[in-house]
Amino acid sequence: MEKELLQEDSQIIVVILIAIMVLLLMAVSLVLFFFFSRKKIVAAELEKANMAISYQRDLIHGTIETQEEERKRIAQDLHDAISAKLNVVSLSTNVLIDGKLNKEEQEQTLQHILSVTTKTLESSRRLAHNLLPPILENFGLQAAIEELCDEFISSKKLKVNYTVVYHDFFSKNNELHIFRIIQELLNNSVRHGEAANVVLNINEDDKELIIEYSDDGKGFDIQSININKGIGLKNIESRVEILNGILSYQSEVGNGATFTISTKKT
């Protein structure tokens, strides 16, 4: 009888030990599962964070490149349109001061000085307009964009079919960014896209401003452009990022390009 009881006790102990081992194995398995799952989640989050940092770094580099290009352009304009002409005025004035010219030559030199001075004033106005269009400062974004489109139409470089509906709800700085985006798109359509026609629609609702732009130019390959973006597209992306907006674009070689930009009201 005692033997049977001992055997039953032994069996119960074995069962308990097996149950404990099973529970321990399950606990270890759960710990390992959560550990590796957490590790994967952390790795995914780190990868996501690294991608975000890389994207921000690319945007910063794009912004710096854009600023450098603008500085070079301004410096070149100052040299070609202002400094060179003022140098001519200086030389012509020195010739007059020498007093070695006859009356007819003096009049010709004065006329030349007047002509160069007039051109220099026109160049300085154009340079100031490029830096900050007076119409944007005085009459707002809608008038500035309409004037910009009309300038391209008048130049016969491009036919622009545009609709602009905008009420002043952005700061002047942000309006300048929007203006530069439209300017960059138009310039790209002419220089790179070799387009003949552009459709521009700018509309707003209660929450956001929506810009829809398309041209009939030669287009570009999306995959190639994503790998090697030009300064113009980087400029647009940087400005859209500053506006906390969303940029999307579609294009095919030979079929023009379409850009959509949406940015929330501030």
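Observations on the structure shown:
- Of the numbered criteria (1) at pLDDT below 95; (2) under 19 Å from the mean Cα position of the chain (by Cα), the one Arg125 fails is (2).
- Flag if Ile20 is at pLDDT 75 or above and loosely packed, with under 10 Cβ neighbours inside 10 Å: no
- For Asn161, the criteria (1) over 17 Å from the mean Cα position of the chain (by Cα); (2) in a helix (DSSP H, G or I); (3) surrounded by fewer than 19 Cβ atoms within 10 Å (Cβ to Cβ) hold in every case but one, which is (2).
- Some residue of region 76-84 being charged (D, E, K, R), at pLDDT 70 or above and closer than 29 Å to Val160 by Cβ: no
- Within region 134-158, the set of residues being more than 17 Å from Asn201 (Cβ to Cβ), touching a residue at least 24 places away in the same chain (Cβ under 8 Å), assigned to a helix (DSSP H, G or I) and open to solvent by 50 Å² or more (accessible area, probe 1.4 Å) comprises Glu137 only.
- Out of Glu69, Glu65, sole residue that is modelled with pLDDT under 65, assigned to a helix (DSSP H, G or I) and surrounded by 11 or more Cβ atoms within 10 Å (Cβ to Cβ): Glu65
- Qualifying strands (runs of 3 or more DSSP E) (wholly inside region 182-266; at least 1 residues being buried (at least 21 other Cβ atoms within 10 Å of the Cβ)): 197-204, 208-215, 257-264
- Conditions (1) under 20 Å from Lys264 (Cα atoms); (2) touching a helix residue (DSSP H, G or I) at 6+ places or on another chain (Cβ under 9 Å); (3) free of Cβ contacts under 8 Å to residues at least 12 places away in the same chain; number of the one not met by Asn174: (3)
The values are calculated or read from the model by the stated rules, or taken from the named source; none is laboratory data. As the structure is a prediction and not an experimental result, all values here were calculated from the model. Cβ: placed from backbone, ideal geometry, glycine included. Neighbour counts: every protein chain shown. SASA here: full protein model, heavy atoms, side chains in, ligands and nucleic acids out. Shrake-Rupley method; radii C 1.70, N 1.55, O 1.52, S 1.80 Å.
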